[in-house]
Amino acid sequence: MAHITFSPPYIAPQDAAQSLRDAGYAVLRPDAFAAWAGLALPELQAMAADWSGLPPDAFLKDGGRYRRRRHSCFVAEAGKLHQVPHRAHWQPVEYNALHGGMLRMFEPMHDATAQSPAWHRLLLALANLSDQVFCEPGRQEPWFIESHQFRIDTTDGIGRPTPEGAHRDGVDLVAVILVGRDGVKGGETRIFEAAGPSGQRFTLTEPWSVLLLDDARMIHETTPIQPQRPGGVRDTLVLTYRRQGFQGAELDRRRQA
């Protein structure tokens, strides 16, 4: 049976803020996204080497071995970005029925990437977009950013990019960036209005294409991947932006006390 894929509904980056306000999402091409962030596309592509050495995700409650990841946290404020001390990732069960309520301590990103000028420009560009979409005109707020590097593999025959199913993340902005995919089929992105009938389905295939979501308005998921040849993988970078601090910050403080 032929595997049918739907093309992403790409728009120009200058229209992203309005699209997020009007439709709750925006999808950008790699070269346009890079230029919009003040980068050359090869600067983004150079980061992809980090994904080959991601450690296994030890917290998968479905017993799977298909996911590897790293996680680090940052704060963007007044045009500057700084990395915060390494902390656990936490979500409430209302947003993640499978892994919610767990303090999950993953290995951090490599310093060479997290402290690079390209990384800072990328995260600050998305912070500026978040100001435009979620703040009053002319106002800037601190943005609490979580960065997730994911590799989903097909060693056991199937890999699940979103084992929790269709969900929201409990933040303001979500950026789902395809870093690369090789030797796989599937991995269709599906987005739905949280309070309406509209939805979209498409497959991100171009490295460094990006889906942007107003998390309060949109539910999202990615369908499982299967191997087209041995060793098939799908790599993504997920960035979340939240105004009211990191989720689980109080639990994290108690854990460190």
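The values are calculated or read from the model by the stated rules, or taken from the named source; none is laboratory data. Keep in mind the model is a prediction, meaning the values are calculated, not measured. Heads up, the Cβs are rebuilt from the backbone with ideal geometry, glycines too, and the neighbour counts pull from every protein chain shown.
Looking at the stretch 156-167, can you tell me whether even one residue there is within 23 Å of P92 (Cβ to Cβ) and not in a loop (DSSP other than H, G, I, E, B)? Can you show your working first?
The first filter runs over the stretch 156-167 and keeps only residues within 23 Å of P92 (Cβ to Cβ), leaving 160-167.
Still in the running and not in a loop (DSSP other than H, G, I, E, B): 167.
Within the stretch 156-167, one or more residues are within 23 Å of P92 (Cβ to Cβ) and not in a loop (DSSP other than H, G, I, E, B).
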Fill in the blank from the handout: Only one of E43, E94, E77, E107 is more than 17 Å from V176 (Cα to Cα), in contact (Cβ under 8 Å) with a residue 12 or more places away in the chain and either crowded, with 19+ Cβ neighbours inside 10 Å or in contact with a strand residue (DSSP E or B) (Cβ under 6 Å, 6 or more places away or on another chain) (or both), namely E107
Practice task
Can you confirm whether the stretch 111-129 contains a residue that is under 16 Å from the mean Cα position of the chain (by Cα), modelled with pLDDT of 85 or more and of a type in the set (F, W, Y)?
Solution key: yes
Problem - Top-ranked residue of the stretch 130-149 - restricted to ones that are under 21 Å from D15 (Cβ atoms) and touching a helix residue (DSSP H, G or I) at 6+ places or on another chain (Cβ under 8 Å), ranked as surrounded by the most Cβ atoms within 10 Å (Cβ to Cβ) - result: V133
Problem - Selection count where residues are part of a helix (DSSP H, G or I) and surrounded by fewer than 15 Cβ atoms within 10 Å (Cβ to Cβ), scope the stretch 1-15 - result: 2
Exercise for the section: Could you figure out which of (1) surrounded by 13 or more Cβ atoms within 10 Å (Cβ to Cβ); (2) within 25 Å of W119 (Cβ to Cβ); (3) at pLDDT 95 or above isn't true of D57? Expected result: (3)
Handout entry: Looking only at the stretch 229-247, and only at residues there that are polar (S, T, N, Q) and modelled with pLDDT of 95 or more, the one that is farthest from V174 (Cα to Cα)
Key = T236
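If you take the residues of the stretch 183-203 that are small (G, A, S) and surrounded by fewer than 18 Cβ atoms within 10 Å (Cβ to Cβ), which of them is modelled with the highest pLDDT? Spell out how you get there, then give the answer.
Start the filter on the stretch 183-203 by keeping residues that are small (G, A, S), which leaves 183, 186-187, 194-196, 198-199.
Remaining after also requiring surrounded by fewer than 18 Cβ atoms within 10 Å (Cβ to Cβ): 183, 194-196, 198-199.
Working: G183: 97, A194: 92, A195: 90, G196: 86, S198: 88, G199: 93.
Among those that are small (G, A, S) and surrounded by fewer than 18 Cβ atoms within 10 Å (Cβ to Cβ), it is G183.
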Completion exercise
The number of residues in the stretch 117-168 that are within 19 Å of A37 (Cα to Cα) and free of Cβ contacts under 8 Å to residues at least 60 places away in the same chain is 5
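Take V176 and decide whether it is assigned to a loop (DSSP other than H, G, I, E, B) and either on the phi > 0 side of the Ramachandran plot or surrounded by 18 or more Cβ atoms within 10 Å (Cβ to Cβ) (or both). So that I can check it myself, show each step before the final result.
Values: assigned to a loop (DSSP other than H, G, I, E, B): no; either on the phi > 0 side of the Ramachandran plot or surrounded by 18 or more Cβ atoms within 10 Å (Cβ to Cβ) (or both): yes.
No.
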Exercise for the section: Run down A114, A175, A127, A118 and say which single residue is under 23 Å from G245 (Cβ atoms), touching a helix residue (DSSP H, G or I) at 6+ places or on another chain (Cβ under 7 Å) and aliphatic (A, V, I, L, M). Expected result: A175
Problem - Some residue of the stretch 150-163 being more than 12 Å from the chain's Cα centre (by Cα), surrounded by fewer than 18 Cβ atoms within 10 Å (Cβ to Cβ) and under 22 Å from E206 (Cα atoms) - result: yes
Exercise for the section: Consider Q200 carefully, then state whether it is over 30 Å from L39 (Cα atoms) and part of a strand (DSSP E or B). Expected result: no
